[in-house]
Amino acid sequence: MHNILFILEGHYIRKSITPMPKRKTKSSAKKRFKLTMSGKVKAAQANKRHNMRKHSKRQIRNQRGTQVLPNVEAKRVNYYMPYA
């Protein structure tokens, strides 16, 4: 909080000004998502944690790396990471 003195008709008036509120970044979101240079949200492929022997080799191969999220989900992630 900051105090500012104003002079009004020869009298000093002290007025306190509160800064704008800051938003916190969700820790879970910053660990799971990255932003590309064009602003799209990048995330790891889903369904890659366990029971991989049940999946076909083609599915395992196609799920390597990352994917770009659709706009609906990217909007939600951008809310969780306001300063990214």
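FYI, it's all coordinate maths here, none of it is from the lab. Predicted model only: the values in this text are computed from it and were never measured. Quick reminder, even Gly has a Cβ in these numbers, built from the backbone with ideal geometry, and neighbours come from all protein chains shown.
Assuming R0 = 22 Å, what is the FRET efficiency of Asn78 and Lys31, from their Cβ-Cβ distance, to the nearest 0.05? Numbers along the way, then the final one.
Values: r = 16 Å, r/R0 = 0.72.
Once the sixth-power term is evaluated, E becomes 0.90.
Students often get this wrong, so check it: of Lys26/Lys57; Lys26/Lys48; Lys22/Lys42; Lys26/Lys54, which have C-alpha atoms separated by over 28 Å?
Details: Lys26/Lys57 35 Å; Lys26/Lys48 23 Å; Lys22/Lys42 25 Å; Lys26/Lys54 34 Å.
Flagged as over cut-off: Lys26/Lys57; Lys26/Lys54.
Using r as the Cβ-Cβ distance of Gln59 and Lys22, and R0 as 35 Å, what FRET efficiency do you calculate, to the nearest 0.05? Don't jump to the answer; show the numbers that get you there.
Values: r = 43 Å, r/R0 = 1.22.
The value I calculate is 0.25.
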